[in-house]
Structure formats: structure tokens, C-alpha cells
């Protein structure tokens, strides 16, 4: 199995919404973003699948060393071997790979967040840093697109937190800030139940407004000149917003059951958005 095949297999098996947005990219950029996604899965799996925090920390430190190897052009892991050809041509910055690892380490260092400020640092590291690498892979002309990437990453991670409240709580990770839990008089034990209390519904309604503000801010900052190249992010935004809509329409009953879109619906959204952005791009070229 080649490094690229390893990454492709990693991405396909994940079932993530990100996989659907990659399908519409040129081959080289598709391989680069698939390798980046595989890297994210590798370091995330370190935290999620390693029961001993000390061993998980050692493995994250191994990945920090491997990022050094990657940028010195001596990678040893299949994922970094797949990434190495893209580092210089696509101007991928080392600091963002390290930010992602730092974010994963926060899951070892913290299982509670005192306020939105602390949570936003976590979201920046595990999601916005990925977005900042992604926009380089997709390509852009206007530096404002970097602001779009930061906000979109925040929106994605907040959506994940809303969707996964019960699953995370059962793993002793509570991402909803303690300040909000206190404000809405929610005991964290309630997050592990099979029914969603009214207080949590109210909190999640408020939290969803924050997430939607990040989506709105992100898309408003994306320059028209960069929309076509950045269409994978737009596809992802539509998939995530559809998920958020489903959660909201379901009454925020995230403790009762997990809301998710079917693969067919994700593929339909990806095709529809890609088609719409292509039409928009062709109109721009005619002006």
C-alpha cells in the first residue's frame, strides 16, 4: 500500500463529512487534503483510542518529532510520506500542524472548559488550524480568506460539540463551558441521561446561535474571487449547517439520539453545492 493509498483508506473508513467535499478537487490537491485529513485522524485516534494518558502523550510527542521529520524531508510514517510532496508547493506551515497536536493534547490536559474563551482556544487548535492548512491546499488570492478559514473551523467544531454532547459526556469530556452550565442551572450528570432536559435545550439553542454567527461571519469574509477554489469548505459548511438544522428541527434532543445525515444526503449536498459554485464561477468569468 502506497502512502497515498493509506491516506485514502483512512479517510474513506472514517465516514466523515469531509470526505465528500474532497471528491471535486483536482488530483494533486485532493491527495494533499486527504493526507492532511489522515494526519488529523491519526492524532485524534491517539487521544480517543489510547486508554493510558501517559502513553497517549508519548505518542503525541512522537508526532511532534515526526512533524520535524516531515519538514526536514525525512518522514517515516505513511501519512507524513504522503504529505511531504505538498509542503513546499502548497506553502503548508509547520506551526499549524503543531497547533493541531496541541489541541489534541488539550483533550489529555482538560476534560472540562471553564468558559467560552478557553473553549475557543481548543476549537482554534483542533479545527481552525486545519482550516488554515486547508485553504492553502485549495488555493486562494485574497488574504481575507484566512479569516474565513478561522471562523469556519470554529463553526464546525461548535457544531460537533452540540451534536456529540451525550457521547462526549459518557467519555468524561464536557465541552459545554462550565459558565454556561451554571448559567442554565445544568448539573453535568444530566448530560449522561437518555432524555434532554429543558434547561439543556435552552443552552443548546443559545450555543447554536453562536455557531451560526461563526458560519455567517466565515461566509461573509470569503472573497468572491476565492469561492470556486474554496468550494470544498463551502460544501462542508452546507453539510454541517444541514446537520445543525436537523438538530434544531428535532428540538435539540441530542441526549435522546444522535442526529446525523445519511451518506446519500451528504453526497447530494456535495454535488448540489459543487454544481452551484461551478455555475457561479462561469458567470464570473464572463464578466
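The values are calculated or read from the model by the stated rules, or taken from the named source; none is laboratory data. None of these values were measured; they are calculated from a predicted model. Virtual Cβ from ideal backbone geometry, glycine too; neighbours counted across all protein chains shown.
Summary of values
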{"read-out": "Residue 262 being out of contact with any helix residue (DSSP H, G or I) (no Cβ under 7 Å at 6 or more places or on another chain) and crowded, with 20+ Cβ neighbours inside 10 Å", "value": "no"}
{"read-out": "Cβ pairs under 7 Å, 6+ apart, first in the range 62-77 and more than 15 Å from residue 100 (Cβ to Cβ), second outside any helix (DSSP H, G or I)", "value": "69/75; 69/76"}
{"read-out": "Hey, residue 176 part of a loop (DSSP other than H, G, I, E, B), farther than 30 Å from residue 281 by Cα and at pLDDT 95 or above or not", "value": "yes"}
{"read-out": "Selection from the range 9-27 of residues that are at pLDDT 85 or above and more than 19 Å from residue 235 (Cα to Cα)", "value": "9, 10"}
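Every residue, every condition in (1) without any contact (Cβ under 8 Å) to a residue 60 or more places away in the chain; (2) in contact with a strand residue (DSSP E or B) (Cβ under 9 Å, 6 or more places away or on another chain); (3) under 23 Å from residue 132 (Cβ atoms), yes or no:
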| residue | (1), (2), (3) |
| --- | --- |
| 1 | no, no, no |
| 10 | no, no, yes |
| 19 | yes, no, yes |
| 24 | no, no, yes |
| 31 | yes, no, yes |
| 38 | yes, no, yes |
| 43 | no, no, yes |
| 50 | yes, no, no |
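Table: residues versus (1) crowded, with 19+ Cβ neighbours inside 10 Å; (2) in the same structural domain as residue 47 (by TED's automatic domain parsing).
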residue: 58; (1), (2): no, yes
residue: 63; (1), (2): yes, yes
residue: 67; (1), (2): yes, yes
residue: 76; (1), (2): no, yes
residue: 80; (1), (2): yes, yes
residue: 89; (1), (2): no, yes
residue: 101; (1), (2): yes, yes
residue: 116; (1), (2): no, no
